[in-house]
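Comments concern the structure below.
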Amino acid sequence: MEGIVKRFPGVVANDGITLLVEPGEIHALLGENGAGKSTLMNILFGLYTPDEGVVAVNDQPVSFSGPRDAVLAGLGMVHQHFMLIPRFTVTENIILGNEGSGLVLDRTAAARRVREISESYGLLIDPEAKVEDLTVGLQQRVEILKALYHGSRILILDEPTALLTPQEIEDLYGILNRLKADGTTIIFITHKLKEVAAVSDKVTVIRRGKTVGERITSETTGQELADLMVGRGVSLTVARTPATPGRTILSAKNLTAQPIHGHKPLSIADLELRAGEILGVCGVEGNGQAELVEVLSGLRPITGGTLAVNEIDCGQRDPNGFREAGLSYIPEDRHHRGLVLDFPLWENVLLGNAQGEPFVRRGLVRGRKTQDVTRQLMADFDVRAPSPETPARALSGGNQQKLIIARELFRNPDVLLAIQPTRGLDVGAIEFVHKELVRVRDEGKAVMLLSYDLDEVMDLSDRIVVMSEYQITGEFVAGEVTRNHLGLLMGGRHSDEATQA
Amino acid sequence: MDHFFTLDLLTRILRMSTPLIFAALGGILSERSGVINIALEGLMLIGAFFAVAGTYWTGNVWLGLLIGVLCAMAGALIHAVWSITFRGDQIVVGTAVNLIALGLTAFLVQSIWGTAGGSDRVSSLPKIGGMSILVPLAFVMVPLVAFFLYRTKLGLRLQACGEHPQAAVSAGIDITRYRYLAVLGSGLLAGLGGAYLSIGNLNYFTLDMTNGRGFIALAAVILGGWNPWGALAACLLFGAAEGIQIQGQSTPGFPISSDLLVTLPYIVTLIAITLFVKARSGPAGLGRHATTS
């Protein structure tokens, strides 16, 4: 792809991007959110027509009028949000659009073909399984198989690790290397530097719609790529001083609660959160973290034990009660729990803060006052948006997250629960969030950081607990435990086994 | 009460279920493709009216049936153009079609027959065993629709359009075409259901003769989990409620007041929906277009 330009009303999404991918290599396309990666790939895949520039596949200039043309030319796309139908079986999803001749489906033959192709690439999967029953990692496997089934020799993966656990990410790297060995060309879109280093041969960096550099992965550094991507020097690690933990602010004893799915109840024997520390919670997704968060924020009733915030018994309180006791909460899912996307920013700031002054007086919302405060928060937290009247939907993920943090800290809480606070954010925004968490800690507040990114937990935490099987299976002072040890505990080993291993 | 549980009751149940089955199958087609179809009521009414009008004009009940069904499909086409091509809100579009159907048929009854209440009598479709020939057809349609949905290529694609329109597009499926076909199919089936009411079960048209059956059919779609066999069971349940109601009214000395009895089908619908629907959910892409901003 050379000199690609694509304009949308009001923005130039691609402003002369060149991406040259050699056959049989893994080529990373690195750029922040909004840099133009997705637009570029949508052009390559025939969903958009470029205003200028040439797309060529195997040295032949092409002009696709839709995904079908791209597929016929040997391209396959694995979208970040999977294009899979949960209620269909693996086979049905894979053959959709390419079901074979005849009006009546031959499911047996189709399942056999799927099994053959899955075995030949070593991507084992049950063709009869329903996609909704599969883990995210296996669903991605179905997406890859779908592309291979349709004859793809060039595979585009859009942010493929966004939803995966560390182990699944390792598996994915293995799969990609196997596909490469088999002659498949892979374009790997990401904004994570670690992934570029882990899997790619070459990397093209784009910023604000322009190609800013192409490097051979083994000859560059993470710092160089980060600076290219952001356009200024960024710090990849967070500078912080040792913690000085104070009094216990949140305490849970023998806590139990019903699970969201399944039968195993959440069971927390002892969890304490002290002022002036960051407590990291690590674990593989689906081991009770979601339940723990809901319990600690008052969304899920407890069935036993005690839970206190600031020595106030919160066992029977609702989310408002937790707020009153001094707790703030950055939810995992910005779009569903953090914001009302169609509300303007100032109404979003009001959410959870509408108990009284300064936003509400005598039961009435003070619109102008709230807007003034919102404007101030936007300035303080670098939320880039035209005005407090802008709908939250129009903001980038990073700016949305900054707004949530601003709102949650506005109450001056004693405890901040930060759940996956950097998920889906780009490097610049991650840097901001991390610094903010450390700043909050240094102000003497208690911070709980729950993340499925083990590196993030290890970088930021003063104390780390591991969750596995709906329990806390290990507790460590940061710096006194290895990544490997935590990984084994996360995988369900017990502490003594992990020590021996 | 000796006269209550008779062969008559069974016949009534089958007869009352028939229009519901047709309309529910139509609803399944449309909703499985991702288009909410609350216009079933109006499409049935159009089918019912034009089947009579067509018979009246041509003197041939079969041509009347054809005209009724084609007109219901035309109504469905309006729904499709508005909701798919112009992306109108599907609930609003469906409501509009229902209102148009009600107004149009009332107006045409007045201008053709000069009465406010209903049409003249026309001939009706042939009967087998005291039941219209459309009754067995409705029951035959159930396995046909099920086979189409679950066993054919087109059915798989149609379901994909309803479950995840973006995924369907990225698989190269022209979802607009599939949704048009599905909505037209729902017009055909709802039209058959309507025509059954007028020239199958009876031999004339009265104003608003569908009397909420399109909505009851929609309830059957939901209660049956968007599955033809499930919908059949639900239609039989609702048909039974209506059959019992009519049988009760015509049984001398039946202990429940007839005013209360006529509400039975609606009460059964409400109870069934409350009890059984919680765990079910429809096609995930219902009412959604392929690209959302």
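The values are calculated or read from the model by the stated rules, or taken from the named source; none is laboratory data. Everything quoted here is computed from the prediction, not taken from an experiment. Quick reminder, even Gly has a Cβ in these numbers, built from the backbone with ideal geometry, and neighbours come from all protein chains shown.
Key figures
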read-out: Total residues in segment A:55-74, condition more than 10 Å from chain B (Cβ to nearest Cβ) and in contact with a helix residue (DSSP H, G or I) (Cβ under 7 Å, 6 or more places away or on another chain); value: 2
read-out: Selected residue [crowded, with 24+ Cβ neighbours inside 10 Å, farther than 17 Å from B:GLU41 by Cα and in contact (Cβ under 8 Å) with a residue 60 or more places away in the chain] from B:LEU202, B:LEU232; value: B:LEU232
read-out: Enumeration of residues in segment A:246-277 that are within 28 Å of A:GLN316 (Cβ to Cβ), assigned to a loop (DSSP other than H, G, I, E, B) and in contact (Cβ under 8 Å) with a residue 60 or more places away in the chain; value: A:GLY246, A:PRO259, A:LYS264, A:PRO265, A:ALA275, A:GLU277
read-out: Unmet criterion (only one of (1) facing chain B (nearest Cβ under 8 Å); (2) surrounded by fewer than 17 Cβ atoms within 10 Å (Cβ to Cβ); (3) under 15 Å from B:ALA171 (Cα atoms)) for A:MET77; value: (2)
read-out: Answer residue from segment B:165-206, given it is within 14 Å of another protein chain (Cβ to nearest Cβ) and hydroxyl-bearing (Ser, Thr, Tyr) and is farthest from the chain's Cα centre (by Cα) among those; value: B:SER170
read-out: The lone exception for A:ALA198 - which of (1) surrounded by 15 or more Cβ atoms within 10 Å (Cβ to Cβ); (2) in the same structural domain as A:THR303 (by TED's automatic domain parsing); (3) outside any loop (DSSP other than H, G, I, E, B) it fails; value: (2)
read-out: Test set (1) in a loop (DSSP other than H, G, I, E, B); (2) under 25 Å from A:GLY183 (Cα atoms); (3) away from chain B (no Cβ under 14 Å) - A:PHE82 fails condition number; value: (3)
read-out: Flag for B:TYR150 being within 14 Å of another protein chain (Cβ to nearest Cβ), of a type in the set (Ser, Thr, Tyr) and on the phi < 0 side of the Ramachandran plot; value: yes
read-out: Qualifying residues in segment A:64-74 (those that are at pLDDT below 85 and in a loop (DSSP other than H, G, I, E, B)) - the one surrounded by the most Cβ atoms within 10 Å (Cβ to Cβ); value: A:GLY66
read-out: Cβ-Cβ under 9 Å pairs, at least 6 apart or on other chains, segment B:104-128 side part of a helix (DSSP H, G or I), far side exposed (fewer than 13 other Cβ atoms within 10 Å of the Cβ); value: B:ALA106/B:ALA116; B:VAL109/B:THR115; B:VAL109/B:ALA116; B:VAL109/B:GLY117; B:GLN110/B:ALA116
read-out: Segment A:179-195, residues that are at pLDDT 90 or above and either among the aromatic types (Phe, Trp, Tyr) or assigned to a helix (DSSP H, G or I) (or both); value: A:LEU179, A:LYS180, A:ALA181, A:PHE188
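Rundown of residues vs (1) among the hydroxyl-bearing types (Ser, Thr, Tyr); (2) under 22 Å from B:ALA80 (Cα atoms), yes/no style:
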{"position": "B:ALA171", "(1), (2)": "no, no"}
{"position": "B:TYR178", "(1), (2)": "yes, yes"}
{"position": "B:ALA195", "(1), (2)": "no, yes"}
{"position": "B:ASP208", "(1), (2)": "no, no"}
{"position": "B:ALA233", "(1), (2)": "no, no"}
{"position": "B:GLN245", "(1), (2)": "no, no"}
{"position": "B:LEU264", "(1), (2)": "no, no"}
